[in-house]
Amino acid sequence: MSQLAADYKAINLSQGFPNFPVDERLKNLVAQWSKKEIHQYLPMAGFPPLLEKIATLTQNSYGRKVNPRTDILITAGATEGIFATIQALVEPKEEVIILDPSYDCYETPILLCNAIPKRINLNTDFSPNWELIGATMNSKTKMIIINNPHNPTGKTWSENDFVQLEKLLELYPKVLVLSDEVYEYITFENKHISIHHSEKLRDRSISVSSFGKSFHITGWKIGYLIAPEHLMIEIKKVHQFLVFSVNSIAQYAINDYMDLVQVSELGNFYQQKRDLFRNLMQNSKFELLPCEGSYFQIASYAAISDETDLDFTKRLVTEFGVATIPLSPFYADGKQTQCIRFCFAKEDNTLIEATNRLLKL
Ligand code: PMP
Ligand code: GLN
């Protein structure tokens, strides 16, 4: 879709990345550090002061004390963290539960382990379907992947969802939780509930974070995992041979930048964008679904067209000059919901211009 947007010079609300400038202070830190002699390999797990800072952030955000020397791994984006985790912990023929619609980087690492992805649908409001999840879990289940706040729907998990997960996993003591929380600091009315809040689950969970999302630097491909030492030892064995260690300049710059910014302000920043986009779309024929977190807004076009979501999104680019993402590719069975995804991590002017075009539908 980004390619199609470029071909047609359309406004790109499809792929999830910010189009506004990155903080000058962060860019200056990169410039300053790149002039120093910090261009060689860092320790495999990451730059030690950065690991300390992540441990402090985890304590401040979630009240959980983690050991920076054993429980944190800097990764080449959340994507590498997810791949390394699955490769390290999932064995052939084991099953891994994925909740659809789901982001695209979970299934392939499972298949590459000769393991079995069990993709099941969320409820129609995109909350977890506990009956179905319970019915799918069995003695072969090794892991459940959860994503909260959720890409593509912007749904967040409630306290009750975590209670349900805790209850279910009491019956399956060996099942691990891979908790993709890359949008952890982008929540709106409700505060983010992390897997780290769950005393029952956190010692068998791996959380995934991304500086790409939290510092508006998706192109840097840098993030981190947190997991208990016995799991992290295994994950590090894969990380060692995937990348060994992650970009040194980025780690030095981010380590300093973490003293300058409050990630807790990110929610307000994106809430203004969400509210602007929703207000601008109020008089359109799209029906906007609730958006509780992430920088994605789902909308139904059922009142506009009967086309498949792929045909509809292609027509939005070619005829109306706005690129969005169809929802069906996020489902194993290509389910048609007549919904599309907008990314609102964009300059206000971009959102205004895009909605002007969408109002013509
Ligand atoms: N998980 C989700 C839910 C995402 O939206 C993204 C961003 N595309 C990723 C993982 C990957 O993040 P990164 O760019 O840090 O690899
Ligand atoms: N996660 C981003 C999205 O959902 C994009 C990353 C990618 O294009 N692979 O749009």
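No value in this document is a laboratory result; all are computed from the given coordinates. What you are looking at is a predicted structure, and each value in this text was computed from that prediction instead of being measured. Cβ atoms come from the backbone with ideal geometry, glycine included; neighbour counts cover every protein chain shown.
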- Enumerate by residue number the GluC sites (Glu not before Pro) in the stretch 142-237 meeting two conditions: DSSP loop (anything except H, G, I, E, B), and at most 12 other Cβ atoms within 10 Å of the site's Cβ. GLU189, GLU199
- Find how much the distance from LEU276 to ASP104 grows on full extension, using 0.36 nm per residue of separation minus their present alpha carbon separation; answer in nm with one decimal. 59.1 nm
- Task: Taking the Cβ of THR187 as the centre, find all other residues whose Cβ is under 13 Å away and add up their charges (Lys, Arg: +1; Asp, Glu: -1).
- Result: -1
- How large is ³J(HN,Hα) for each residue in the stretch 243-259, as worked out from phi by the Karplus curve 6.51 cos²θ - 1.76 cosθ + 1.60 (θ = phi - 60°), to whole Hz, x for Gly and Pro? 9, 6, 9, 10, 2, 6, 4, 4, 5, 5, 5, 5, 4, 6, 5, 4, 7
- Note on the structure: Other residues with Cβ under 14 Å from the Cβ of GLN271 give, with Lys and Arg +1 and Asp and Glu -1, a net charge of -1
- When the Cα centres of the stretch 103-155 and the stretch 336-361 are compared, how far apart do they sit, in Å? 28 Å
- Query: At a Förster radius of 25 Å, what calculated FRET efficiency corresponds to the Cβ-Cβ distance of SER158 and GLU265, to the nearest 0.05?
  - Reply: 0.55
- Query: For the pair ASN138 and ASP203, what calculated FRET efficiency results from E = 1/(1 + (r/R0)^6), where r is the Cβ-Cβ distance and R0 = 25 Å, to the nearest 0.05?
  - Reply: 0.65
- Which cross-chain or sequence-distant (5 or more) residues have an amide H under 5 Å from the amide H of ARG119, H modelled 1.01 Å from N in plane? ILE98
- Message: Can you return the lysines within cross-link range of LYS236? Criterion is Cα-Cα under 27 Å, with same-chain partners fewer than 8 residues away left out.
- Response: LYS53, LYS65, LYS93, LYS118, LYS140, LYS142, LYS174, LYS200, LYS213, LYS221
- Each residue of the stretch 141-151 in turn: what ³J(HN,Hα) in whole Hz from Karplus with 6.51, -1.76, 1.60 and θ = phi - 60°, glycine and Pro shown as x? 5, 9, 7, 10, 9, 10, 9, 8, x, 9, 9
- For ASN129, list long-range residues whose amide hydrogen, built 1.01 Å from N in the peptide plane, is under 5 Å from its own amide hydrogen. ASN123
- Integer Hz, Karplus 6.51/-1.76/1.60 couplings in order for the stretch 196-212, x for Gly and Pro: 5, 6, 8, 4, 6, 9, 5, 7, 10, 10, 10, 9, 10, 10, 9, 5, x
- Dipole magnitude of the stretch 20-70 about its Cα centre, charges +1 at Lys/Arg Cβ and -1 at Asp/Glu Cβ only, in debye to the nearest 20? 140 debye
- Computed from the beta carbon distance with a Förster radius of 41 Å, FRET efficiency for LEU168 and LEU359 to the nearest 0.05 stands at 0.35
- Item | For peptides 294-303, 3-12, 257-266, sequence by mean Cβ density within 10 Å, most packed first | 294-303, 3-12, 257-266
- With +1 on each Lys and Arg Cβ and -1 on each Asp and Glu Cβ, how big is the dipole of the stretch 87-159 about its Cα centre, in debye rounded to the nearest 20? 160 debye
- Item | Spin-label zone in the stretch 92-121 - amide nitrogen under 11 Å from a point set 7 Å from the Cα of ASP333 along the C-beta vector | 120-121
- Item | Ranked by how many other beta carbons lie within 10 Å on average, peptides 151-157, 22-28, 117-123 from highest | 151-157, 117-123, 22-28
- Note on the structure: Simple spin-label estimate for ASP7/ASN114, 7 Å along Cα→Cβ, in nm, reads 4.0 nm
- Query: Which listed residue (ILE74, PRO173, ASN147) has the Cα farthest towards the positive end of the charge dipole for the chain, taking +1 on Lys and Arg C-beta and -1 on Asp and Glu C-beta about the Cα centre?
  - Reply: ILE74
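With charges only on Cβ, +1 for K and R and -1 for D and E, what is the dipole size of the stretch 191-271 about its Cα centre, in debye, rounded to 20?
For this selection, approximately 300 debye.
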